[in-house]
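Each remark here refers to the structure printed beneath this line.
Bear in mind that the values in this text are calculations on the coordinates, not laboratory data. The structure displayed is predicted, hence computed values, not measured ones. Please note: Cβ atoms are built from the backbone with ideal geometry, for glycine as well, and neighbour counts cover all protein chains shown.
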Amino acid sequence: MIQQHGGNIYDHGAIIDFSANINPLGMPEGVRRALLGGLDEIERYPDPYCRGLTESIAAYEEINAESIVCGNGADDLIFRIVHALRPRRALICAPAFGEYGRALSEAGCAVYEHILTEDNGFELTEDILGRLDEDMDICFLCTPNNPTGRLISPGLLRRIAEKCREKGIMLVCDECFLGFVRNGESFSLREHMNGNCIILKAFTKLYAIPGLRLGYALCGDVGTAELIKRSGQFWSVSAPAQTAGRAALEDKGYVKRTVEYIGSQRGELLCGLASAGVKVFEGAANFLLIKSADGLAEKMLEEGILIRDCRSFSGLEKGFYRIAVRRREENRILLEALRRCLNG
C-alpha cells in the first residue's frame, strides 16, 4: 500500500488517520468564525496580490512585505520557485518530501540526492557541504525533515547558507513543520538569511486547514520574490484561504498551546511505540518515523487506522512508516492496535 502523500482517506471507510500530520488541536475557533463570517467573499474574485494577508504575514514575521510570496499551499510555491528560477542542477536530501524532486524533474532540472542514512538516525551532517559547488543551482532542505522529523543544527544551517551564497546557489529551506517545535525560531534559516535564501512556510498543518491550501515564502532578495510572484496562476490563493490566514495569525496563543501539546504527546507516543517493539527515530515534529515489519500498514488498516507507508520516499525501503501525533485518546487506540498487529 504505497502512498504518494498522507491523508488519502477517500479510498477507505471509517478510519483514524495517522498518515497526515495535521495539528490535533484542530482549526482555531477564530479562523472558523472568520470563514463563516466571510462567505460573501466567495462571490468575488480574490485579491491576486494577497495584500491584506501579506501585510499580516509581514507584521507576524517582522519582514518586508515585498519579500513575501503567498501561494496555494507550500506545494504550489515549490513548483513556482522552480519554474521561476529554472535551475539546471539541484541537490535534495533523501529521504525528504517528494514534491521537491517532482517539481525539479518536471522543469527539466537534473536532480542529485544527498543520502541521509539510518546509521546516524537520518541526521544531516557537514558532508553536505562538499556537495555544494559552482555546478549546483539550487538546494532544497527541510527542517524538521519530512519524514524523519530531524532538525538541522543551527551551526550547520549557517554554514550551508554561507556556502550557497559563496557559490551562487539558491537555498530553499522548508520550515512547514517548524511551528510544532519548541524554540523553533532558533532553528530557522531566518537567523542566517541572505539574498540566496528562501524559506517555505504553510498554514496547512500548523493551523489544521489543509482543505484550504495556504502557504508563503520568505525571500532574502526582493527580486527573487518578484520572479516567483510572476510564476504560476494569477489567482493563486482563494478568498477564504486569505481570510483564514489573517485570522490564524491573530490567535497569539494557538501556536504556543500546540507546541506544548505536541511535545507531551510525542514523548508518550514514542515510549509506547518503542515498548510495542518497533524501532523509533526521535524527531522534533508532530510525527514519528518508525521501522517495523513489512505489511504493517495493511494490518493497521484492518484495525481502522491509516498510517503512512514510506516506501515512496527515496532512500527508504519496506518497513518504514510515518505516524502522526494525534490526541492522547487516539494515540492510545493506535498503540493498542499496533500491539495486536505485532503480537497477534
List the residues whose amide H sits under 5 Å from the amide H of Ile16, counting only those 5 or more places along or on another chain, with H placed 1.01 Å from N in the peptide plane.
Ile305, Leu306
Give me the distance between the Cα centres of the stretch 171-201 and the stretch 32-110, rounded to whole Å.
15
Collect residues whose amide H, placed 1.01 Å from N in the peptide plane, falls under 5 Å from the amide H of Cys142; neighbours closer than 5 in sequence don't count.
Asp174
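Where does the chain land at 222 nm, in deg cm²/dmol rounded to the nearest 500, when only DSSP H runs of n ≥ 4 count, each adding -39500 (n - 2.57), divided by all residues?
That comes out to -11000 deg cm²/dmol.
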Based on the alpha-carbon set only, what is the convex hull volume of the stretch 157-313 divided per residue, in Å³?
169
Tabulate in residue order the Karplus-calculated ³J(HN,Hα) for the stretch 135-150, using 6.51 cos²θ - 1.76 cosθ + 1.60 with θ = phi - 60°, rounded to whole Hz; enter x for Gly and Pro.
7, 8, 9, 8, 9, 9, 10, 9, 9, x, 6, 10, x, 7, x, 7
Give the residues of the stretch 242-261 whose amide nitrogen is closer than 15 Å to a point set 7 Å from the Cα of Ala59 in the direction of its Cβ.
243-253
Gain in length, Arg102 to Glu134, computed as 0.36 nm per residue apart minus the alpha-carbon separation, to one decimal in nm?
9.2 nm
Taking C-beta distances below 4.7 angstrom as the pairing criterion, name the unpartnered cysteines of the chain, in sequence order.
Cys93, Cys109, Cys139, Cys142, Cys164, Cys173, Cys176, Cys197, Cys219, Cys271, Cys310, Cys341
Of Gly37, Gly283, Gly71, which has the largest mean-square fluctuation in a 10 Å C-alpha GNM of the chain?
Gly37
Read phi for every residue in the stretch 282-289 and hand back ³J(HN,Hα) as whole Hz from Karplus 6.51 cos²θ - 1.76 cosθ + 1.60, θ = phi - 60°, with x for Gly and Pro.
5, x, 9, 8, 9, 7, 10, 8
GNM result for the chain, Cα springs below 10 Å: residue of Asp127, Asp75, Asp294 fluctuating most strongly
Asp127
Which order do Cys310, Cys142 fall in if you start with the one that has the fewest other Cβ atoms within 10 Å?
Cys310, Cys142
Putting +1 on Lys and Arg Cβ atoms and -1 on Asp and Glu Cβ atoms, find which of Val172, Ala337, Leu249 reaches farthest to the positive end of the dipole of the chain.
Ala337
May I ask what percent, to the nearest 5, of DSSP beta bridges between residues of the stretch 29-250 are antiparallel?
35
Please work out whether the chain counts as rounded, prolate or oblate from its C-alpha gyration tensor, where a ≥ b ≥ c are the square roots of the eigenvalues and a/c under 1.5 means rounded, while otherwise a/b larger than b/c means prolate and anything else oblate?
oblate
Residue range of the chain that is longest and free of GluC sites (Glu not before Pro) which are both DSSP loop and sparsely packed (at most 10 other C-beta within 10 Å)
135-344
Listed by chain and number, the residues whose amide H is under 5 Å from that of Cys197, excluding neighbours fewer than 5 places away on the same chain and using placed H, are Leu171, Gly220, Asp221
Among Ile22, Ile63, Ile305, which one shows the biggest mean-square fluctuation in a GNM of the chain, springs joining Cα atoms closer than 10 Å?
Ile63
Are there any helices in the chain, counted as whole DSSP H runs, that stretch 30 Å or more along their axis by Cα and score at least 1.6 on average by Kyte-Doolittle, and if so which?
none
So if R0 is 41 Å, what FRET efficiency would Glu166 and Lys252 give, r being the distance between their Cβ atoms, rounded to the nearest 0.05?
0.60
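Just rank Ser188, Ser275, fewest to most, by other beta-carbon atoms within 10 angstrom. Provide the component values of the computation, followed by the final result.
Numbers: Ser188 19, Ser275 11.
Lowest count first: Ser275, Ser188.
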